[in-house]
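Just so it is clear, none of the values below were taken in a lab; they were calculated from the coordinates. Treat the numbers as computed from the prediction; the structure is a model and nothing was measured. All Cβ positions, glycine included, derive from the backbone under ideal geometry; neighbour counts span all protein chains shown.
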Amino acid sequence: RMTDKGDNDFKVLAVPHTDPIFADYHDLAAVPRHYLREVEHFFATYKQLEDDDPTTNQVETQGWDDVAAAHREILSCIERFETGQKRRDADIIDATQTPQRRADDST
């Protein structure tokens, strides 16, 4: 979990389920602790490369959560995407429809 400029900016650590190298990775307990620290450090500092002023980095890491929380976050993201897509689709349809002429239009 992490925040960026005060907003949630959660990340999900995932592995390919068909790769035998990762066959035993079913939860964070299987991932080497040092690797988790490296990933967390990367996300805490990577935006510093985008800015000349490192004091403006507003990313805060909040540690790791379990696989159930990752699944909930993925489902939440899918739902937000689908809701947003429906809104965008409706906006596109509204924008492409021919405006109806009002009775008081002179042309």
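Using the beta-carbon distance between Thr45 and Lys86 and R0 = 41 Å, what value does 1/(1 + (r/R0)^6) give for FRET efficiency, to the nearest 0.05? All intermediate terms of the calculation are to be shown ahead of the outcome.
Working: r = 37 Å, r/R0 = 0.90.
For Thr45 and Lys86, the calculated efficiency is 0.65.
Using only the alpha-carbon atoms of region 1-65, report the extent along each of the three principal axes, biggest first, to the nearest angstrom.
For region 1-65, the Cα spread along each principal axis is 43, 20, 19 Å.
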